[in-house]
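To start, the structure itself, in structure tokens.
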């Protein structure tokens, strides 16, 4: 029973449970992602936040034994509906992983264009424009515009991660999923990505998994705290960090466990 | 404390020396073979050796042009048949081969890999030469392709498995269908390794003699028809080396040197191919 599509609401999970075989790693989670906001998912390792993120673009079902119960609604439409093509769906939801994953055999340009070309042939000028636009939005254009044909592996780790952001943005998704995008970056690279979050949320709905509580506090509008597969608390970021309502949340954000 | 350090140094030194000696022995075999080939065969190498066909026994001169061309044709045709099948099987094993069928294919490939090449020759004779009624280069190529396929399949599988899982996920998250992920991202990333595997596989079968004995048979004349018997360097060496004439023995050494040179050239090409890929990726 899908609730009426709210224009303010982009993505929503309804009683989502994610399992590996018979073991549930995300339990009965209902969360809402308002359009053009940043939501941070925090919690200790193994709390299910990454698995939850991977349910939002149907990547979880590609893992060995991965399946879900419940619903995930994108613009009011259940993405797990049998009529929905998971491959097409993933083109509407971009994802960036913990470690930069540029395609090593492709140039910088081809990496960004990869997601566009998979949609079928497009005029050259259109691809050019989309690649430039995506690289600009990922704040990488000025650094790579003179070497678009060079291998993507020639870039630094932080640049590679921004390249992955650009690659995710090029097909014009509605939602951007970031899975600990700064885990392997140095402080400068981390700051770049965090600044990006602020700029990108004017156009995209962002969901970011992070181990870094300061990062969650800096970049997000809403923060959700997961523990052992349960959603413990969700709230506006400043409220969750200053006056959490649950004792577990308070213990975690004050560093008493996790 | 210092006694322990001394003991460590001595053991370390002894082990290093041992390993060095063993590597030397391994390299020595290659050096000896190559050196012996050069000393026995190089003097017979001249222009006519490469461009002339064999002359009747007893006469001086003549070359192995027919065998060189035959080797290129038979091995080339074998590669044409074997490479797509071998690489395709390898991709299948790596990407979809986790089930029962994958297990069976892998097992068959391993058994085939250990099959003596002469058995493969007999197989080709039974299924191709006998029904066709005559020996042919094509039958020889098929026999060599059968030898190549399991080798290529397992190498390709290994190379594809080396590609990090994160790349596959990145492609799938971009909305790549699975087959496209396999071809555009995984296979392309593993390409350098696959190319090397192919060249090594080709080099391996280029020197095979046994499977050609009753398939391609050999031919004293120059022939480029794949439906007719054809000469190869390995067959020529076999005939010349076991023959009674000194002139033949001399030519056998020279032909062996040429064959070795061809294989070496392929290996070098393999190295070069890898370096190109790596150079482009860095």
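The values are calculated or read from the model by the stated rules, or taken from the named source; none is laboratory data. Here the structure is a predicted model, which is why all the values come from computation and not from measurement. Cβ: placed from backbone, ideal geometry, glycine included. Neighbour counts: every protein chain shown.
So is residue B:190 surrounded by 23 or more Cβ atoms within 10 Å (Cβ to Cβ) and assigned by TED's automatic domain parsing to the domain that holds residue B:257 or not?
On the way: surrounded by 23 or more Cβ atoms within 10 Å (Cβ to Cβ): yes; assigned by TED's automatic domain parsing to the domain that holds residue B:257: yes.
Yes: the conditions hold for residue B:190.
Tell me which residues, restricted to segment B:130-141, are part of a helix (DSSP H, G or I) and either without any contact (Cβ under 8 Å) to a residue 24 or more places away in the chain or surrounded by fewer than 22 Cβ atoms within 10 Å (Cβ to Cβ) (or both). Break it down stepwise before answering.
Taking segment B:130-141 as the starting set, the residues that turn out to be part of a helix (DSSP H, G or I) are B:130-132, B:137-141.
Listed by number, the residues that qualify are B:130, B:131, B:132.
Just need a number here: residues in segment A:224-243 that are in contact with a strand residue (DSSP E or B) (Cβ under 6 Å, 6 or more places away or on another chain) and part of a loop (DSSP other than H, G, I, E, B).
Number of matching residues: 1.
Quick one: how many residues across segment A:59-68 are free of Cβ contacts under 8 Å to residues at least 12 places away in the same chain and either part of a loop (DSSP other than H, G, I, E, B) or more than 9 Å from chain B (Cβ to nearest Cβ) (or both)?
Here is the first cut: in segment A:59-68, the ones free of Cβ contacts under 8 Å to residues at least 12 places away in the same chain are A:62.
Still in the running and either part of a loop (DSSP other than H, G, I, E, B) or more than 9 Å from chain B (Cβ to nearest Cβ) (or both): none.
Number of matching residues: 0.
Mind checking which residues of segment A:80-107 are at the interface with chain B (Cβ under 9 Å from one of its Cβ atoms) and in contact with a strand residue (DSSP E or B) (Cβ under 9 Å, 6 or more places away or on another chain)?
Residues satisfying the conditions are A:89, A:92, A:93, A:94, A:95, A:96, A:97, A:98, A:102, A:104, A:105, A:106.
Filter segment B:51-62 for residues that are surrounded by 13 or more Cβ atoms within 10 Å (Cβ to Cβ) and free of Cβ contacts under 8 Å to residues at least 24 places away in the same chain and give the result.
B:52, B:55
Would you check if there is a residue in segment A:224-235 being free of Cβ contacts under 8 Å to residues at least 40 places away in the same chain, away from every other protein chain (no Cβ under 14 Å), buried (at least 22 other Cβ atoms within 10 Å of the Cβ) and under 19 Å from the mean Cα position of the chain (by Cα)?
Checked against the condition, which is being free of Cβ contacts under 8 Å to residues at least 40 places away in the same chain, away from every other protein chain (no Cβ under 14 Å), buried (at least 22 other Cβ atoms within 10 Å of the Cβ) and under 19 Å from the mean Cα position of the chain (by Cα), segment A:224-235 yields no hits at all.
Take segment B:51-72 and flag every residue that is in contact with a helix residue (DSSP H, G or I) (Cβ under 6 Å, 6 or more places away or on another chain) and part of a helix (DSSP H, G or I).
B:51, B:65, B:67, B:71
How many residues are under 22 Å from the mean Cα position of the chain (by Cα) and either buried (at least 22 other Cβ atoms within 10 Å of the Cβ) or away from every other protein chain (no Cβ under 14 Å) (or both) when one looks only at segment A:127-155?
Selection size over segment A:127-155: 12.
For segment B:154-190, which positions are within 7 Å of chain A (Cβ to nearest Cβ) and farther than 24 Å from residue A:173 by Cα?
Selection gives B:188, B:189.
Here is a check on your reading of the model: is residue B:175 surrounded by fewer than 22 Cβ atoms within 10 Å (Cβ to Cβ) and at positive phi? Spell out how you get there, then give the answer.
Numbers: surrounded by fewer than 22 Cβ atoms within 10 Å (Cβ to Cβ): no; at positive phi: yes.
Considered against the rule, which asks whether it is surrounded by fewer than 22 Cβ atoms within 10 Å (Cβ to Cβ) and at positive phi, residue B:175 comes out as no.
Can you spot a residue in segment A:111-119 that is more than 8 Å from chain B (Cβ to nearest Cβ), surrounded by 15 or more Cβ atoms within 10 Å (Cβ to Cβ), free of Cβ contacts under 8 Å to residues at least 12 places away in the same chain and within 23 Å of residue A:185 (Cβ to Cβ)?
Checking segment A:111-119: not a single residue is more than 8 Å from chain B (Cβ to nearest Cβ), surrounded by 15 or more Cβ atoms within 10 Å (Cβ to Cβ), free of Cβ contacts under 8 Å to residues at least 12 places away in the same chain and within 23 Å of residue A:185 (Cβ to Cβ).
Could you please find all residues in segment A:23-58 being more than 22 Å from residue A:212 (Cβ to Cβ), within 14 Å of chain B (Cβ to nearest Cβ) and surrounded by fewer than 23 Cβ atoms within 10 Å (Cβ to Cβ)?
Filtering segment A:23-58 down to residues more than 22 Å from residue A:212 (Cβ to Cβ) leaves A:23-24, A:27-28, A:30, A:32, A:34-36, A:55, A:57-58.
From what's left, within 14 Å of chain B (Cβ to nearest Cβ): A:55, A:57-58.
Listed by number, the list holds a single entry, A:58.
Which condition number does residue B:220 fail, the rest of (1) surrounded by fewer than 18 Cβ atoms within 10 Å (Cβ to Cβ); (2) over 23 Å from the mean Cα position of the chain (by Cα); (3) in contact (Cβ under 8 Å) with a residue 60 or more places away in the chain; (4) assigned to a helix (DSSP H, G or I) being met?
(4)
Could you please let me know if residue A:207 is within 14 Å of another protein chain (Cβ to nearest Cβ), in contact (Cβ under 8 Å) with a residue 12 or more places away in the chain, touching a helix residue (DSSP H, G or I) at 6+ places or on another chain (Cβ under 7 Å) and under 23 Å from residue A:12 (Cα atoms)?
Numbers: within 14 Å of another protein chain (Cβ to nearest Cβ): yes; in contact (Cβ under 8 Å) with a residue 12 or more places away in the chain: yes; touching a helix residue (DSSP H, G or I) at 6+ places or on another chain (Cβ under 7 Å): yes; under 23 Å from residue A:12 (Cα atoms): yes.
Taking the combined requirement at face value, the residue satisfies it.
Across segment A:69-79, which residue is farthest from the other protein chains (Cβ to nearest Cβ) among those that are touching a strand residue (DSSP E or B) at 6+ places or on another chain (Cβ under 7 Å) and either under 28 Å from residue A:182 (Cα atoms) or in a loop (DSSP other than H, G, I, E, B) (or both)?
Our first condition is that a residue be touching a strand residue (DSSP E or B) at 6+ places or on another chain (Cβ under 7 Å); within segment A:69-79, this holds for A:69-75, A:78-79.
If we keep only those that are either under 28 Å from residue A:182 (Cα atoms) or in a loop (DSSP other than H, G, I, E, B) (or both) as well, we get A:72-75, A:79.
Values: A:72: 15, A:73: 19, A:74: 14, A:75: 17, A:79: 13 Å.
Per the criteria, the residue is A:73.
For (1) farther than 25 Å from residue B:115 by Cα; (2) modelled with pLDDT under 90, each residue gets a yes or a no:
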position	(1), (2)
B:216	no, yes
B:224	yes, yes
B:228	yes, yes
B:238	no, no
B:244	yes, yes
B:254	yes, no
